[in-house]
Amino acid sequence: MRRATDLTLLTTLAAMFVFHSPFTRWWTSLGLPWYTVFLLWLLIIGLIALNSTGGGRHSGD
């Protein structure tokens, strides 16, 4: 349980850093393709899915 909570906190902090920090102004000013923000969201969603499934491990491990 502790590992899942730690990963949830890290994922939340990473999402806040990418989407709600001075870092946002930098990566939006790079002239990246329009779909970059969607790829970043896909990465966050993938991390959440990986965390919720336990990273492919069984609950008895």
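The values are calculated or read from the model by the stated rules, or taken from the named source; none is laboratory data. Source: prediction; values computed, not measured. Here the Cβ is made from the backbone with ideal geometry for all residues, glycine too, and neighbour counts use every protein chain on show.
Worth pointing out:
- Taking the criterion of being at positive phi and modelled with pLDDT under 85, the residues of the range 26-61 that qualify are Gly54, Gly55, Gly56.
- Of the residues making up the range 14-36, those that are more than 17 Å from the chain's Cα centre (by Cα) and either surrounded by 11 or more Cβ atoms within 10 Å (Cβ to Cβ) or outside any helix (DSSP H, G or I) (or both) are Thr28, Ser29, Leu30, Gly31, Leu32, Pro33, Trp34.
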